[in-house]
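Worksheet for the structure shown next.
The values are calculated or read from the model by the stated rules, or taken from the named source; none is laboratory data. Because the structure is a prediction, the values reported are computed rather than measured. Counting neighbours? That spans all protein chains shown, and the Cβs are built from the backbone with ideal geometry, glycine included. Keep in mind that these areas ignore ligands, DNA and RNA; they rest on the heavy atoms of the full protein, side chains included. Shrake-Rupley method; radii C 1.70, N 1.55, O 1.52, S 1.80 Å.
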Amino acid sequence: MTPTRARLKNALRTFVIAAAATLFVSGVALKPVLAAGTDNPPPADDSGSKKKKKGNSAIEEQEKQLAQEKFLRGYRAAREMILAGDYKSGIAAMHALGHDEHPDVANYIGYANRKLGNYDNSEAWYEKAIADDGNHVRTWSYYGMWHMEQGNRLKAQDFLAKVNLLCGNDTCEEYRQLKAVIDGKASY
């Protein structure tokens with residue numbers, strides 16, 4: 001083997017190890033955040049299977065990372081539309097991501113529908129988000145707000161208890177928001 005080829009082989013090996021370590025660390029770091037309902041979620045698994053593939057090449061891993069970055073850019077833009085009150089465009093942008101099954105996407109589609117007064121659609125999307133991730137704190141909080149808007153204070157209080165349990169305290173943002181709505185101090 002020529003010295004140039006050996007250096008290239010070592011450089012490639014180092015790159016693959018570094019890429020694998022980065023993906024592993026970022027994957028471990030993102031899991032607890034995802035359960036809380038994040039503003040920066042990773043996309044759903046495109047493979048159709050929850051099992052991880054073994055032996056992915058560096059190119060496949062790079063393509064996966066680029067797809068995640070594209071999803072994140074689109075998700076942030078759609079979320080900003082919704083939070084700015086452009087609910088219909090935000091819903092369309094969320095659907096365009098191609099990950100309606102993702103709990104963060106489903107949650108914001110539910111939220112936008114709730115703000116539009118489409119309560120049946122909103123309920124269906126909240127249910128979809130919870131079905132995909134039963135520990136999705138933001139959905140439990142928003143769904144509790146949905147129940148308050150429906151006049152079901154007891155159910156909203158049940159959801160507040162669930163949010164408290166998932167957060168592990170009564171100081172997380174989702175708890176404080178739902179509590180303020182239940183207490184009549186805010187609408188969200």
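A few points about this structure:
- Of the numbered criteria (1) buried (at least 23 other Cβ atoms within 10 Å of the Cβ); (2) in contact (Cβ under 8 Å) with a residue 60 or more places away in the chain, the one N135 fails is (1).
- Within segment 160-169, being over 16 Å from G184 (Cα atoms) and in contact with a Leu (Cβ under 9 Å, 6 or more places away or on another chain) holds for one residue alone: V163.
- Selection within segment 53-97 - within 17 Å of N107 (Cβ to Cβ) and among the β-branched types (V, I, T): I82, I91
- Test: residue in segment 101-122 that is open to solvent by 60 Å² or more (accessible area, probe 1.4 Å), within 17 Å of the chain's Cα centre (by Cα) and either at pLDDT 95 or above or not polar (S, T, N, Q) (or both): yes
- Members of segment 176-187 that are in contact with a helix residue (DSSP H, G or I) (Cβ under 7 Å, 6 or more places away or on another chain) and open to solvent by less than 30 Å² (accessible area, probe 1.4 Å): L178, V181, I182
- Taken as a whole, the structure places A58 among residues that are touching a helix residue (DSSP H, G or I) at 6+ places or on another chain (Cβ under 6 Å) and at pLDDT below 95.
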